[in-house]
Structure formats: structure tokens, C-alpha cells
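Working notes for the structure below.
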Amino acid sequence: MSHLFGTDGVRGIPGTEPLTAPTVRRLARLAGTLLLSRRERRTPFVLLGRDTRSSGPGLARALTDGFAAAGVRTVDLGVVPTPAVSYLTPRRGALCGVVVSASHNPPEFNGIKFFSDCGRKATPEFEAELEKRLPRTADPGPRGARAEKDPAGAREYSDFVRSTVPPHEDLSGLKVVFDGANGAASRIGPDLLRSLGCEVAVIGCRPDGGNINRACGAMETGALRREVVRRGADCGIAVDGDADRCVLSDEVGRLLDGDSLIALSAIHLKDEGLLRGDGVVVTVMSNLGLVEFLRGRGISSVQVPVGDRNVTEALDRYDLALGGENSGHVVFRRFAPTGDGLLTALQTLAAWRVRGGKLSAVRRLYKVFPQVLTNVRVARRVPLEDLAGFQSELERAQRSLRDSGRVFVRYSGTEPLLRILVEAKDQKLTRSLSSRLAEVFKREAEGI
């Protein structure tokens, strides 16, 4: 089986490979066996969480059966944000953490992602070993294994996130609209904000198993932005289905993406003397306007490929405190090893309150380069180097931009899409180049 793992675990449609019960049981059995071979424990267990998709309980049962076949117990946190599993795994002393979620993907998708015993995303080496050995791993079959419940986990995680806001950074009195994407933070998110004194209105917090990320959440913010304006709120907060990413709306309904959140947090942390190395980690998808702004404030930028695991690795390598993606995955290394939407929301609100003024002022911190991201749906991932015509068009686009912009092309690690990002100071040129590249790609890829 090839390409089992993408940029964020295993993704697919439940009931089709690789998310069939036999394959999931085999995957869990193999993971448990490998983990046990490296760690000796008298009562080995894994910590399991999931989002609100209707397919989640079935996949969780298959995982529990597979782990049981390897002699590993499963402790079930129930529906919790992905960062809760990351936080609790080392504190519970688990072999690993496992999350059943497809994050920001539509409700018909689901996925499985592993966390190491220290709460970090599983290493590429571990995923590669699973992928290599899985074809030789037997299906243990349905075993009816039962997971143990851990009802205290969600509260412990919430208490931790709340504790990251210092007492002098007061959030009381803020009027906030919270959009939980009908996902894992639908209950915990509003309760957390209210516990800090915010006046909270909610949307996207009535999950029914089939509405996660549908017309709500961090990927579709129209409803949030309209509700902020309608209610005269100070801001809006939207997380995605598993709450590992976050974006905000200002008081006039305009979006603040991950780049804006990084800009605000970077200057706040530097003013507080907490920005280690006077640098941040961003991905190749971050806006060049952000990089220029940070440079002007004496803050360097390390650019890495897309994926919060890449961000985390760079934070460790360069000993930096802050990094993230423009999609809203932001990592505050002082507190957590992975992106955390609720943590990001609270840190952003705290930094803003210290700064004062309206949240819309944050959008004016730097001038955004016009940027067009075109997603082209693909039936199969044809190697881009095999598309001579597309490569020629790509080189032509890069020459036309020279030093005034850039073109970045990649296949999505979680969806069947080719992403074409064009960024330049000339907005008309940006749109033209993006449209032309998408047209050439579709024509050549479909002809193969």
C-alpha cells in the first residue's frame, strides 16, 4: 500500500481503503507492536480522541480491537480537540496518542493521526515503518475489545489552556462570537471563553455527525463574520473540526488569518522579551508582506514546507518560540508542541488587549501582497516533473515576476488537489498567472 500517510496522518473516505475496519485494525495492531518493542511498560495503553464525525466511533472500535491484539489497552477521551490528545499523552504516560479526525476536511472524510509519547506528531520514520510493514500484518478480526473511559481529560486540557493567559492580560468584557465548526471544540470552546469573562455568542456548535466543517468553522468564515457585525461583537473566533487551527474576524467582519496572528504575537512576545532568537517560523505559503514586516521589526523568518510538523521541527532546530501557517495552525512552543486553535485564540486575544484599540488595527500591521491560491481537483497525482508543458509555463511565470513575487505549486497532503499559489505586488498579473497555470495543468494532466 503506497502513500498511506499524508502531511497529517491517514486520510480518506471511511469504508474505502485505507479506512476499512480490517486495515485500521491491522494498522493499530502493527503500531502497538512496534511501540511495545521500544518501550517496556507493565500496563501499556494508548490515549484515543476523536472529532464529531459519525464515522468516528466505528474507526475508534477498529483501532481498539487492533491495539488489543497487540496487547495494548485503549483509554478513550471521547470527543476532544486534537491538541487535547497531544497535551494529555505525556501526562497520562501513554505509549502514544491517536486521533480519529480529518481535521478541516468535509464530513464525509475521516482520518487517523498518531502522536508520540511526548505529545508530538509521529515522526516520518515511524509512519514510514508502519507503511512498510502493514502489507505483512494480519488482520486480528473483530475482537469486541472495550476502551476504558477518561472523563476527566477534557477538563484537564481546558484548565491548561486557560492557565496560559496571565492574570494581568484580562479578557473580561470582550464580546466574542465563537464558531466551533460543529466539531470537537463545540462545547469546550465557549465554556473556556466564558470562564475568562468573555460574553460569548455561538454558531457552529451543534454537531450532528454530518455537519462538521460544513458552511462553518475556520475554512468557511462567512457566517462568523456576518454574525460579528450583526451582534456588534468585538471579534469572532473560528476553529476547524478538530480545533488545531484558528482564524479570527475583526469587529467589521474582516478575516485575520494565521499570518496576521503570527504578526501580532511576534511583536507582542518581542516586547515582553519572550521571542527567543528574535525569529519566527513560517511556511512557504505565508505572505511576503508578513516577512517584510517582521524584518522591519528586527524579527527574522525561517521558511519551511507546509505542515505543522515542519514548523515544530524548525522551532526545535533553531530554538524559537513562535511559528505557524497562514491556514491558522500556530505553535506557541512555550506551551505546546503542536498547533492548538483554542490556545492560539486566547494568546491572540491577550496580546491584542495589551496592545489596545480595535482588532481591525491588527490587519493594518503590514501590507499584504496580492495573493491568489487556486485549488485544482485531481483524479491522480501525476508527477509535476513529467508535465513538460506545465513546467515551461511555470518557468515563464517565474521569469515574469522576477524579484517582485513568487509562484509555489504543490499537491495537497490531505485532499486530492493541486495548489497553485501566485503572489506579487501587481494584482492583475497575479490573477492572470494563476489562471493560466491552472488551465495548462488541467489540459496536460487530463491528457496523460
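Key figures for this structure:
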read-out: Of all DSSP beta bridges in the chain, antiparallel share, percent nearest 5; value: 55
read-out: Cα gyration tensor category, rounded, prolate or oblate, for the range 371-446 with a/c compared to 1.5; value: prolate
read-out: The chain: Lys pairs at Cα distance under 24 angstrom, eight or more positions apart or on different chains; value: 12
read-out: GNM top mover of Phe114, Phe67, Phe126 - the chain, alpha-carbon springs below 10 Å; value: Phe126
read-out: Computed helical MRE - 222 nm, the chain, DSSP H runs ≥ 4 contributing -39500 (n - 2.57), nearest 500; value: -11500 deg cm²/dmol
read-out: Centre separation in Å (Cα based) which lies between the range 1-63 and the range 387-448; value: 36
read-out: Where only C-alpha atoms are counted, convex hull volume of the range 10-153 per residue in Å³; value: 100
read-out: Taking only Cα atoms of the range 136-257, radius of gyration then Dmax in Å; value: 17.4, 59
read-out: Rg(Cα) / (2.2 N^0.38 Å) computed for the chain, rounded to two decimals; value: 0.98
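Values quoted throughout were computed directly from the atomic coordinates according to the rules given, and no laboratory measurement underlies them. Being a predicted model, the structure only gives us computed values, none of them experimental.
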